[in-house]
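Chemist: Quick one: the structure is below, questions incoming.
None of the figures in this text is laboratory data; all of them are computed from the coordinates on show. Quantities reported herein were computed from a predicted structural model and do not represent experimental measurements. Cβ: placed from backbone, ideal geometry, glycine included. Neighbour counts: every protein chain shown.
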Ligand code: KIV
């Protein structure tokens, strides 16, 4: 547990300091795996906190699992800010990361900065942006101005139409090399964390070994610094056949908190994801 820092200007010290980027880097350096889940409201944020989750991502996946759209593209910044406030209100220890939605950061860096400031003012400690090396100048612009950034490479759902669907990425040598270069550029630009989605296990391991920052995998194999799942997937709520990398942790448990605690335990001891969840 990191030593709580003393806030300046006589403000009271928080009772339970939130997990910081420094703490995540220490966990990763010590080989302690990071457990991350998505959350969209105060009640789930509270249950996830009691289950021991380190990081809550207010993902723009809410466009699909909360709003019922086919993609994340319709989600607006206002909606992200609303759900970020809900999650922040419902928990005190986990780090809260807010996704910047489609169209708010891919253009001008000062537009990305305005969106990042709004997310931090809604209570997030970090924002997540999708994209590779081409996003590095924007990441540097945000980080220099006090907006911590988590990158997101591999399958980037905001690019679903450009990618031709929700497909595993980095399968050829050239694609794997490009992803390694993307991760290096994002880390050099100042990203504190990197989400890697849907890549072959060996590439997930290599990205984690070489990035120099904690790498959180989703469909990227067990050799990452930590794992993230959409909370509704982890509870088997979504209809239809789940994606290969999903496990329903409610199976064998009679309460949501117990299921999420089982997720945290499986991430910590490396038993999730298993071979059956890997590409
Ligand atoms: O929006 C989201 O939930 C995400 C995770 C799947 C990583 O980006």
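Chemist: Let me know the Rg and Dmax you get for the stretch 42-168 when you use only its Cα atoms, in Å.
Modeler: Taking only Cα atoms of the stretch 42-168, I get Rg and Dmax of 14.2, 39 Å.
Chemist: Rounded to the nearest 500, what is the chain's calculated 222 nm mean residue ellipticity when only DSSP H runs of at least 4 contribute -39500 (n - 2.57) each, over all residues?
Modeler: Calculated from helices alone, the mean residue ellipticity at 222 nm is -11500 deg cm²/dmol.
Chemist: Right, here's the next one. To two decimal places, what compactness ratio does the stretch 161-279 give when its Cα radius of gyration is scaled by 2.2 N^0.38 Å? Before the final figure, lay out each step's value.
Modeler: Values: Rg = 15.0 Å, N = 119, 2.2 N^0.38 = 13.5 Å.
Ratio of Rg to 2.2 N^0.38 Å for the stretch 161-279: 1.11.
Chemist: Would you please give the FRET efficiency between residue 32 and residue 243, computed as 1/(1 + (r/R0)^6) with r the Cβ-Cβ distance and R0 = 30 Å, to the nearest 0.05?
Modeler: Once the sixth-power term is evaluated, E becomes 0.70.
Chemist: When 163, 260 are ordered from fewest to most other Cβ atoms inside 10 Å of their Cβ, what list results?
Modeler: Fewest-to-most ranking of 163, 260: 163, 260.
Chemist: Next question. With N denoting the number of residues in the stretch 7-99, provide Rg(C-alpha) divided by 2.2 N^0.38 Å, to two decimal places. Write out the running numbers ahead of the final one.
Modeler: Details: Rg = 14.6 Å, N = 93, 2.2 N^0.38 = 12.3 Å.
Cα-based Rg divided by the globular estimate yields 1.19.
Chemist: Which peptide among 241-247, 58-64, 208-214, 251-257 comes first, and what is the full order, when sorted by highest mean count of other Cβ atoms within 10 Å?
Modeler: Details: 241-247: 15.4, 58-64: 25.0, 208-214: 18.7, 251-257: 12.3.
Ranked by mean Cβ neighbours within 10 Å, highest first: 58-64, 208-214, 241-247, 251-257.
Chemist: Hey, another quick one. Calculate how many DSSP beta bridges within the stretch 32-277 are antiparallel, expressed in % of all such bridges and rounded to the nearest 5.
Modeler: Taking every DSSP beta bridge with both residues in the stretch 32-277, the antiparallel ones total about 5 percent.
Chemist: In the chain, if every C-alpha pair distance is counted and binned at 5 Å from zero, what percent goes to each bin?
Modeler: 1, 6, 13, 18, 21, 19, 13, 6, 2, 1, 0, 0
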